[in-house]
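Peer 1: Here you go, one structure.
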Amino acid sequence: MRLNNGATSAALSHGPGGQFGEENKWLKYINTTGSDHFIPDNSTAEKNSSFASAPVTKRKGDYSNGGYVYNNTAGFGTGPCWYGNSNSAGYTTPGGCPAGFSDAGILNGNNGNNNSYNTNGASPHGNAFHMGFYVLKYGCPAGTTHKITIRYCRV
Amino acid sequence: MITKTIENLETYLTERGSSKTLILLSAEDCHACAQFKAHLESVESTFSNIVFAEVLVTLETKPLFGPPVLPSIVGFEDSQRVLEGAGMPEDLTVANNLIQSWVNGEGFQYSAG
């Protein structure tokens, strides 16, 4: 909601209310600051809209760990889907990090399958195949394995 | 590219006789298999004397004649395995060259491992 200088808002329902229900719940904003202001409605839609339109740089990633936001890249091992084990396959160098994210090294995984984590809600950090599914959204058929290389990209 | 079941493959290859048949061993839920199939279909018309056939396999039905990797290609003449491409090469022209070498009567194998 934009409240121009000198304007008064409509009656707004902000806050949880008190022990008598409506008590302390309703208010009006009166702008005498000399400037126009943005005052968010008490709604999820306005909150999301405010985040989306905030005039700041946003770096969106797949998950968070240790205070960083990660947006990794992945290289699917050659072969690629091996019966038994994937030892005979080579690793594939992942692409560079997306703009704004810093390269924090790579991690190889062998004899696993990204698809084993397609419904796993735990943090993927440190598990090459779990992170691989986050990046690629695919793996190998059941009963086969592949190699994967993850490039940690974080901000 | 036609599709054949693993159960009917032996009969089909017998019917093909000495004609060249290229089998793509593939599987459900195999991203690379779909990529490789799309590539082979894009060059299939170049090799008009070869029939390209996809065979979907599982851990339980994978054939002994195939390499231990998916996707793979295997060429047959007179029901005999005469060509093998193990895996999907990063450079897909490697597969094209292998098939062309088959047409030319030359060497018959690559490995993407």
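Peer 1: Based on what the data block shows, is B:GLU28 within 13 Å of chain A (Cβ to nearest Cβ) and without any contact (Cβ under 8 Å) to a residue 12 or more places away in the chain?
Peer 2: no
Listed here are the residues, each with its yes/no results for (1) part of a helix (DSSP H, G or I); (2) modelled with pLDDT under 95; (3) within 12 Å of chain A (Cβ to nearest Cβ).
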{"residue": "B:VAL43", "(1), (2), (3)": "yes, no, no"}
{"residue": "B:GLU60", "(1), (2), (3)": "no, yes, yes"}
{"residue": "B:VAL74", "(1), (2), (3)": "no, no, no"}
{"residue": "B:ASP91", "(1), (2), (3)": "no, yes, yes"}
{"residue": "B:ASN96", "(1), (2), (3)": "yes, no, no"}
{"residue": "B:ILE99", "(1), (2), (3)": "yes, no, no"}
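Peer 1: Only residues that are at pLDDT 85 or above and of a type in the set (D, E, K, R): list them for the stretch A:18-59, please.
Peer 2: Once the filter is applied, which keeps residues that are at pLDDT 85 or above and of a type in the set (D, E, K, R), the stretch A:18-59 yields A:LYS28, A:ASP36, A:LYS58, A:ARG59.
Peer 1: Here's something else I'd like to know. Anything in the stretch B:46-58 that is in a loop (DSSP other than H, G, I, E, B) and either of a type in the set (Asp, Glu) or without any contact (Cβ under 8 Å) to a residue 24 or more places away in the chain (or both)? List them, or say none.
Peer 2: B:SER48
Peer 1: If only one of A:ALA142, A:ALA104, A:ALA122, A:ALA128 is under 19 Å from the mean Cα position of the chain (by Cα) and closer than 17 Å to A:SER86 by Cα, which one is it?
Peer 2: That would be A:ALA128, the only listed residue that is under 19 Å from the mean Cα position of the chain (by Cα) and closer than 17 Å to A:SER86 by Cα.
Peer 1: Let me ask something additional. If I filter the stretch A:59-74 for residues that are within 30 Å of A:GLY139 (Cα to Cα) and of a type in the set (A, V, I, L, M, F, W, C), do I get at least one hit?
Peer 2: Looking for residues that are within 30 Å of A:GLY139 (Cα to Cα) and of a type in the set (A, V, I, L, M, F, W, C), one finds at least one in the stretch A:59-74, hence yes.
Peer 1: Restricting attention to the stretch A:132-146, and to residues there that are more than 7 Å from chain B (Cβ to nearest Cβ) and among the β-branched types (Val, Ile, Thr), which single residue is surrounded by the most Cβ atoms within 10 Å (Cβ to Cβ)?
Peer 2: Result: A:THR145.
Peer 1: I'd like the residue in the stretch A:87-123 that is touching an Asp or Glu at 6+ places or on another chain (Cβ under 9 Å) and over 18 Å from A:THR145 (Cα atoms) and, out of all such residues, is nearest to the other protein chains (Cβ to nearest Cβ).
Peer 2: Residue satisfying both the conditions and the ranking: A:GLY96.
Peer 1: How about the stretch A:88-119: which of its residues are exposed (fewer than 13 other Cβ atoms within 10 Å of the Cβ) and over 15 Å from A:CYS153 (Cα atoms)?
Peer 2: The answer is A:THR119, and nothing else.
The values are calculated or read from the model by the stated rules, or taken from the named source; none is laboratory data. Everything numeric here is computed off the predicted structure, so don't read it as measured data. Note: ideal-geometry Cβ built from the backbone for every residue, glycine included; neighbour counts use all protein chains shown.
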